Amino acid sequence: MSKASNKHGGRNVLPRRTRKLDGQRIGHHAPKLMRNPPWDFPPGVGLQGAACISRPSPTGMTFCHERARIRKWVQAPLSGKMNKKGWQSPAKKSDPTVRPDMKTIFAAILPSALLAAAVAGAAQAESWDMPVAYPADNYQTKNDIAFAEDVKTCSGGALEITVHPAGSLFKGDEIKRAVQTGDAQIGERLLSAHANENPLFAYDSIPFLASSFEASDRLRDAAAPVLGKLLESQGMMLLYSVPWPAQGMYFNKEVNSVADMAGVKFRAYNATTAKVAELSGMIPTQIEAAELKQAFATGVVAAMISSGATGVDEKIWEDVSHFYDVKAWLPRNTVFVNAAAFAALPAEVQDCLKSSAATAQTRGTAEAANLAQGFVDTLAKNGMTVSAGSEQLSADMSEIGNKMTADWLAMTGADGAAIIDTYKSN
Ligand code: PCA
């Protein structure tokens, strides 16, 4: 594997989300299609493994996807029960930019026997897209895939969720907005990365507040009502969250105190990590996991705070030499659903989604705890110097942590205080 390569190989094979209906930019699988107008959908189906379809959504996006998925989208209007954003509603024949009549499409792309079966099935089945930011073989993503399988089973096939790993459908920093607007029905996101929008999203990234899996679960429960309300106010519903192992510090040199960090270029994944960097004299740049390997390989950054899990995902020993297991906090990936898409489900499918979410939360948390030490061992086995860090480093970091906790409490007011009080009293 070359230095710049990473585990996000799927990005080369999975179709990429396309940018805009104005048509100048399009997923690399289907350059031909935009030379034809969007109503030339059937020829697009003939492209290698992918096709594009324009959806008259408020954001005016064109999507490219594997043919099977496109067929499902095309079927969706027949079910008449997709989300309320309008992009799934039946095409208006008078508007040439909208999809052609269903029968025309099916006649062009499916043999008639298959057509009959597909139309019959479309009356019940609902297909959802679940964009996630992390690689397909990361335990978080595997847990999401198991969740999707559970949902398919307990809904008797009425709801099928397709997990799109490694930012392949929406990039990490676009996922929350995509679910909010209904461009995706469900998604997983490191919500703390949206703390600039509301600092409450960073409840899981307060340094040294909850540094064990057990404490992290208690903090999650304490925060759930506030976080649930916050997501609700944005048109979404909280489903489940799974922690990352405790966060340590990666450097390409020995570091024994904050003074040793001065001037180092640092990869941040949220406002908290950026703040730690600033308070330690480093230079932060926010970089999604999918771009992380390249950023290290090309020298854009030389340090980060993350878990052993991400270090192993990215074969980080090819880029840095030291891991300090300071166990600063356990950030979470949170799974949430578009509220209108959820409301449109039959009651029994809603129940199925919720119970599968509860199972996923328990299963994912147990998996994180099981794997945590192994990740750190793998870093060491691959030649990295792994330690808990010097006393000076601990003292410096806890001083930074105290300041950041006070800042967070000041920014979040009564809601933040309620989370901490409930957490501490449980
Ligand atoms: N890995 C993720 C977030 C926290 C973690 O351990 C990342 O570095 O992007």
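The values are calculated or read from the model by the stated rules, or taken from the named source; none is laboratory data. Being a predicted model, the structure only gives us computed values, none of them experimental. Reconstructed Cβ throughout: ideal geometry from the backbone, glycine too, with neighbour counts over all protein chains shown.
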If only one of 200, 159, 209 is of a type in the set (A, V, I, L, M, F, W, C), buried (at least 17 other Cβ atoms within 10 Å of the Cβ) and touching a strand residue (DSSP E or B) at 6+ places or on another chain (Cβ under 6 Å), which one is it?
159
I'd like the full set of residues that are among the small types (Gly, Ala, Ser), buried (at least 18 other Cβ atoms within 10 Å of the Cβ) and more than 19 Å from residue 191 (Cβ to Cβ), limited to the stretch 345-367.
356
What pairs come out if I take residues in the stretch 211-240 that are free of Cβ contacts under 8 Å to residues at least 60 places away in the same chain and pair them with residues that are outside any helix (DSSP H, G or I) whose C-beta lies under 6 Å away, six or more apart or interchain?
228/238
In the list 228, 187, which residue meets the criterion of being within 18 Å of the chain's Cα centre (by Cα), of a type in the set (Gly, Ala, Ser) and within 16 Å of the ligand (Cβ to nearest atom)?
187
Identify, from the list 343, 366, the residue that is free of Cβ contacts under 8 Å to residues at least 40 places away in the same chain, under 15 Å from residue 147 (Cβ atoms) and either more than 18 Å from the chain's Cα centre (by Cα) or within 16 Å of the ligand (Cβ to nearest atom) (or both).
366
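Among the residues of the stretch 288-310, is there at least one that is in contact with an Asp or Glu (Cβ under 7 Å, 6 or more places away or on another chain), among the β-branched types (Val, Ile, Thr), farther than 26 Å from residue 198 by Cβ and buried (at least 18 other Cβ atoms within 10 Å of the Cβ)?
Filtering the stretch 288-310 down to residues in contact with an Asp or Glu (Cβ under 7 Å, 6 or more places away or on another chain) leaves 288, 292-293, 296-297.
Now drop any that are not among the β-branched types (Val, Ile, Thr), which leaves none.
No, the stretch 288-310 has no match at all.
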Being in a helix (DSSP H, G or I), within 13 Å of the ligand (Cβ to nearest atom) and either touching a residue at least 24 places away in the same chain (Cβ under 8 Å) or within 24 Å of residue 213 (Cα to Cα) (or both) is the requirement here; does residue 275 meet it?
no
Looking only at the stretch 278-301, count how many residues are free of Cβ contacts under 8 Å to residues at least 12 places away in the same chain and within 12 Å of the ligand (Cβ to nearest atom).
1
Given the criterion free of Cβ contacts under 8 Å to residues at least 24 places away in the same chain and in contact with a strand residue (DSSP E or B) (Cβ under 7 Å, 6 or more places away or on another chain), identify the matching residue among 145, 186.
145
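Taking the stretch 213-245, which residues are under 19 Å from residue 402 (Cβ atoms) and surrounded by fewer than 24 Cβ atoms within 10 Å (Cβ to Cβ)?
Taking the stretch 213-245 as the starting set, the residues that turn out to be under 19 Å from residue 402 (Cβ atoms) are 215, 219.
If the condition is that a residue be under 19 Å from residue 402 (Cβ atoms) and surrounded by fewer than 24 Cβ atoms within 10 Å (Cβ to Cβ), then 215 is the only one that fits.
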Breaking point among (1) within 24 Å of the chain's Cα centre (by Cα); (2) buried (at least 20 other Cβ atoms within 10 Å of the Cβ); (3) not small (Gly, Ala, Ser), for residue 319:
(1)
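Here is a yes/no grid of residues against (1) under 28 Å from the mean Cα position of the chain (by Cα); (2) crowded, with 18+ Cβ neighbours inside 10 Å; (3) within 19 Å of residue 311 (Cα to Cα); (4) at pLDDT 95 or above:
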residue	(1), (2), (3), (4)
377	yes, no, yes, yes
389	no, yes, yes, yes
393	no, yes, no, yes
406	no, no, no, yes
Applying the selection to the stretch 303-334, what residues are within 15 Å of residue 376 (Cβ to Cβ), more than 12 Å from the ligand (Cβ to nearest atom) and in a helix (DSSP H, G or I)?
317
